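Every read-out reported here was derived from the displayed coordinates using simple, explicitly stated rules and does not represent laboratory data. Only a predicted model underlies this, so the values are computations on that prediction, with no experimental measurement involved. All Cβ positions, glycine included, derive from the backbone under ideal geometry; neighbour counts span all protein chains shown.
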Amino acid sequence: MIFELCTDSVEGAIAADKFGAQRIELCSALSFGGLTPSFGLIQQCAKKSNIEVHVMIRHKEGGFNYNLDDVELMKKDIKAVKEAGAHGVVFGILTENNEISKLNKGLVDLSRSLKLEVTFHRAFDFVPDCERAIIQIIDMGFDRLLTSGLQPTALQGLQLIKKLQADHGSEIQIMAGSGVNASNAVKIAASGINNLHFTARKSLDTSTKLSMGELMITDNDKIKNIIDQFGPDHS
């Protein structure tokens, strides 16, 4: 089993490495579904851990419909990610009708030219026709698809995740994410997938002033407890 921790910190990268995860999805602004992190954060995660760093390429909240100016910005971020020492990028562009946009192809080609792996993120969970969407994603050359099976959590979307794995798992890596924890990780993995994605943060319960946000730290116990469900060899 391959584990990917979604994190917004160097501490998260170090903890993921320590407890046996293989990858992190590195983001900022996790409360908005994840945005592109800073160059310095990417670089430090790559330097301070031995884990694969895969970086969110999403510069604004509120959806996944982008114009050509947005795509040019995303290209610059992808190049910066490579310079910072990361292993891959994570993105997904939809049309106004929530279908897979042709604009993804140029970003995939750029990423591959830089020898970066490419994951299509949970924008997939907004598509109206998931069968058509996954075929398009495969044809564009994505390495991996992160999905909760078009439902709020992977457990709720388990039947679709199982079908996607059975029908397309030989063509693209299917990774289940959203709501994964120690109590359901094994059941989700029994769908046949070999990739689990989860966050592990907890609040320090500190009050902030002037809407400056809530201070969160890495939940080491959650990371360890999920991975421990699969034994020492993670099988």
Exercise for the section: Out of the residues in region 183-224 that are polar (S, T, N, Q), under 20 Å from the mean Cα position of the chain (by Cα) and farther than 30 Å from Asp167 by Cα, state the one that is surrounded by the most Cβ atoms within 10 Å (Cβ to Cβ). Expected result: Thr218
Handout entry: Glu96 out of contact with any Ser or Thr (no Cβ under 8 Å at 6 or more places or on another chain) and over 18 Å from Val127 (Cβ atoms)
Key = no
Handout entry: In region 53-64, residue nearest to Phe19 (Cα to Cα) [restricted to those that are part of a strand (DSSP E or B) and touching a residue at least 60 places away in the same chain (Cβ under 8 Å)]
Key = His54
Exercise for the section: Filter the strands (runs of 3 or more DSSP E) completely within region 129-221 down to those with at least 3 residues that are touching a Leu at 6+ places or on another chain (Cβ under 8 Å). Expected result: 173-177, 195-199
Handout entry: Residues satisfying the stated conditions in region 92-108, i.e. touching a strand residue (DSSP E or B) at 6+ places or on another chain (Cβ under 9 Å) and part of a loop (DSSP other than H, G, I, E, B)
Key = Gly92, Ile93, Ser101
Practice task
For region 78-91, name all the residues that are free of Cβ contacts under 8 Å to residues at least 40 places away in the same chain and in a strand (DSSP E or B).
Solution key: Val89, Phe91
Practice task
Would you check which residues across region 1-50 are surrounded by fewer than 20 Cβ atoms within 10 Å (Cβ to Cβ) and among the aromatic types (Phe, Trp, Tyr) and list them?
Solution key: Phe19, Phe32, Phe39
Exercise for the section: Take the residues in region 16-25 that are in contact with a helix residue (DSSP H, G or I) (Cβ under 8 Å, 6 or more places away or on another chain) and part of a loop (DSSP other than H, G, I, E, B), then tell me which one is farthest from Thr119 (Cα to Cα). Expected result: Gly20
Completion exercise
In the set Glu117, Glu131, Glu171, the lone residue that is among the acidic types (Asp, Glu), surrounded by fewer than 20 Cβ atoms within 10 Å (Cβ to Cβ) and under 23 Å from Cys27 (Cβ atoms) is Glu117
Fill in the blank from the handout: Per the filter on region 184-212, residues within 15 Å of Ala29 (Cα to Cα) and either touching a residue at least 12 places away in the same chain (Cβ under 8 Å) or touching a helix residue (DSSP H, G or I) at 6+ places or on another chain (Cβ under 8 Å) (or both) are Thr199, Ala200, Arg201, Lys202, Ser203
Practice task
Keeping to region 26-46, report how many residues are among the hydroxyl-bearing types (Ser, Thr, Tyr), out of contact with any His (no Cβ under 6 Å at 6 or more places or on another chain) and either part of a loop (DSSP other than H, G, I, E, B) or on the phi > 0 side of the Ramachandran plot (or both).
Solution key: 1
